[in-house]
Every structure is written in structure tokens, then in C-alpha cells.
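Student: First the structure, then my questions, so here it is.
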Amino acid sequence: MKKLGMTLAVCAALTIAVSKPAMADEASHKKATVDLLKLLKIDTQIGAMVDNMRESATAQLDAQNFPAELGQKFEKVINKQFDLINDEIGWDKISGEYISLYMEMFTEEEIVQLNNFYKTDLGQKLVDKMPELFARGMEIGQRRMMSKQVEIQQTMAEEWKNFEASLTEEERELLEKNLPAGYGL
């Protein structure tokens, strides 16, 4: 019995000795990650991204030339939508997930290297230009999609027609049971 107690004590001591460096490594990895996210200004970048999406949606709405009253109704809905988005992805609600994500994707050594880059003038210039780069990139994508919208709609209408024609009765019943409302065949 004394031997079993001694064995358990040695195992416990080894477990603590091995886990302490791992906990210290995780703590330093987390600190480096938090530092990186501060350098990246993620907290303000998320807000800027949502604001850019709101502005883009409002610009698309304005381009429709709806009567003023209808435009105001649409704008009210758009603003509500983006207010809800801001509430759900505010930094205080998602920072823990971001920290975990970066820690999963990058080793501590890589995080330190990223920190070193983003501490430079060029790194901060990239951070400061990122919202504009994303916004302008989205504009490029939207312009491209708008120019192909009719073609895409026509192609997809034909694809859905072919899809529906290819369904067996069993597949059709299964889809009708499981598709959300409004996706009827």
C-alpha cells in the first residue's frame, strides 16, 4: 500500500511538472495573440467592415431610384439589420473566439513574427488600409455580379428546371418535407 501511495505521488508530481510548462506556453501564446489582435486593430476593423457593408447596401438601394417614402422604409430595415449584426459580432462578444482561432492557426513563434511585422510602419499601413482594400474589393465583386446578374439568373433558372425534371418522386417528396418554407419545388 505504501508503494502504491509513493507511485501515485510520483505520478502526480510528474504530471504537474509536465503540465506547468505547457500552461506557461499556452499563456504566452495567448498573450502574443492578444497583442497581435490589438496590432491588427481587429476590434475597430470589424466595426468598419460592417459600416462598409451598410454603406454598400444603402448605395445599392439608392441606385434603385425608389420613391423617397419607399426608400426610407427600405433604409430603416437595412439599418436595423446592420444594427443587429453589429450587436452580434461586437468585439466584446467574439474576441475569445478570435483568440482561439489565431492560436489554432498560428504557432506562438509565427504569432511573434507577425507581431514584429505589424509593429513596423509598413505593417500598420497595411492594417490601416485593410478596410478600404476590403471595401473596394467588395465593390469589384458586386460590380462583376451586377453585370452578370441576368445571365446568372437565366442560367440558374435553367439549372433548377433541369434539376427538378431529374428528380424521382421519392426525391421530390424528401425535398418537399425537408426544405425550408419558400423553397418549394
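Student: If each residue of separation counts as 0.36 nm, what is the full-extension length gain between Lys80 and Arg172 once their alpha-carbon separation is subtracted?
Tutor: 29.4 nm
Student: Follow-up question, since we're still on this one. Just need the relative contact order of region 27-119 here, percent rounded to a whole number, with Cα pairs under 8 Å and 6+ apart. It would help to have the intermediate numbers written out before the result.
Tutor: Details: 50 pairs, mean separation 54.5, N = 93.
Averaging sequence separation for qualifying contacts and normalising by length gives 59 percent for region 27-119.
Student: Let me ask something additional. Which whole-number value in Å³ per residue fits the convex hull of the alpha carbons of region 27-119?
Tutor: 98
Student: May I ask for the net charge around Thr58, where only other residues with Cβ less than 12 Å from the Cβ of Thr58 are counted and Lys, Arg are +1 while Asp, Glu are -1? If you can, show how the numbers build up before the last one.
Tutor: Working: positive: Arg54, Lys76; negative: Asp51, Glu55, Asp62, Glu75.
Spelling it out: positives minus negatives among the neighbours equals -2.
Student: Here is a follow-up. Which of Arg144, Arg54 comes first, and how do the rest follow, when ranked by fewest Cβ neighbours within 10 Å?
Tutor: Going from sparsest to densest Cβ surroundings: Arg144, Arg54.
Student: Please provide three numbers in whole Å: the alpha-carbon extents of region 136-185 along the principal axes, with the largest listed first.
Tutor: Largest to smallest, the principal-axis extents are 46, 20, 14 Å.
FYI, it's all coordinate maths here, none of it is from the lab. None of the values given here were measured: they were computed from a predicted structure. Please note: Cβ atoms are built from the backbone with ideal geometry, for glycine as well, and neighbour counts cover all protein chains shown.
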